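A.B. asks: Pasting a structure below so you can have a look.
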Amino acid sequence: GFLGVDAEQKKFHIYILPHEVWWPSSAGQFIVLGPEDIRFGAGEGEAAVHEMVHAAHQRNGVQMNRVIDEGFAMYIEGRICEKDELFPFDYDVREEYEKVYVEITADNAEKEFIESAMDEYDYLYGYWFMTYLTENYGEDIFHKLLAEANAEADEYQGEMSKEEMVPIVKKVTSETIFEEFGTWFEETAKDWSRAEIYWAE
């Protein structure tokens with residue numbers, strides 16, 4: 001493990017370990033990557049961006065559950081990678097969404113936010129949700145959510161549950177935010193030609 005390494009957390013660490021030993025991950029003071037994740041010249045490296053986003057979040061507040069946390073990391077990963085050829089955002093949302101397809105609608109968007117239980121679906125729902133929130137509530141929406149979650153954090157232990165985040169999301173945005181998101185998804189996000197804006201083909 002990492003016990004005893006920089007115990008006072010005076011530096012930020014990047015550990016490189018084979019994926020058979022440890023998957024890419026993050027904490028406030030370090031990230032773990034695989035050897036292939038730093039082969040930038042080979043067109044890889046998006047994992048480094050993704051985990052750095054998580055690390056910055058973890059240094060600034062409470063975990064808000066996988067849908068929001070992974071969705072935000074993927075959203076920022078996509079924004080950065082689409083501007084830099086060294087970091088292609090090669091996550092094919094169309095292919096992945098078909099694997100775990102649960103149609104998001106105005107009627108079930110809040111239920112799906114709470115009940116999503118598959119890792120892939122958390123990432124997919126989260127990416128679309130953070131895309132919608134950012135486009136419609138501003139570039140600083142994640143920071144507003146985090147500030148509100150931090151203000152409530154003394155009432156929670158560890159990561160906030162999805163149920164606990166629902167009233168926070170509504171307070172920061174709108175009481176009808178999930179219906180709005182579901183309607184947007186039905187009308188807009190399922191038009192896969194739109195993916196060219198967010199994903200490198």
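The values are calculated or read from the model by the stated rules, or taken from the named source; none is laboratory data. This one's a predicted model, so the numbers in the text were calculated from it and none came from an experiment. Please note: Cβ atoms are built from the backbone with ideal geometry, for glycine as well, and neighbour counts cover all protein chains shown. When the accessible area is computed, the model is the full protein with side chains, heavy atoms only, and any ligands, DNA or RNA have been set aside. Shrake-Rupley method; radii C 1.70, N 1.55, O 1.52, S 1.80 Å.
A.B. asks: Need one number: nm distance between label points at residue 11 and residue 147, each 7 Å from Cα along Cα→Cβ, rounded to one decimal.
C.D. replies: It is 3.5 nm.
A.B. asks: Something else: Leaving ligands and nucleic acids out of the surface, order 128, 23, 184 by accessible area at 1.4 Å, largest first.
C.D. replies: Ranking 128, 23, 184 by accessible area, largest first, yields 23, 184, 128.
A.B. asks: I would also like to ask the following. For a quick protection proxy, order the peptides 15-21, 168-174 by their average other-Cβ count within 10 Å, most packed first.
C.D. replies: Working: 15-21: 10.9, 168-174: 17.7.
In descending order of packing, they fall as 168-174, 15-21.
A.B. asks: Still on this structure, please answer the following. Of 83/144; 83/162; 11/83; 83/111, which sit over 30 Å apart, Cα to Cα?
C.D. replies: Flagged as over cut-off: 83/162; 83/111.
A.B. asks: So, by mean Cβ neighbours within 10 angstrom, what's the order for 104-110, 137-143 with the highest one leading?
C.D. replies: Details: 104-110: 18.6, 137-143: 14.9.
So the peptides 104-110, 137-143, ranked by packing, come out 104-110, 137-143.
A.B. asks: Also: Under a Cβ-Cβ cut-off of 11 Å, what is the net charge of the residues other than residue 166 that fall near it, where Lys and Arg count +1 and Asp and Glu count -1? Don't jump to the answer; show the numbers that get you there.
C.D. replies: Numbers: positive: 111, 162, 170, 171; negative: 110, 163, 164, 175.
Combined, the nearby Lys, Arg, Asp and Glu give 0.
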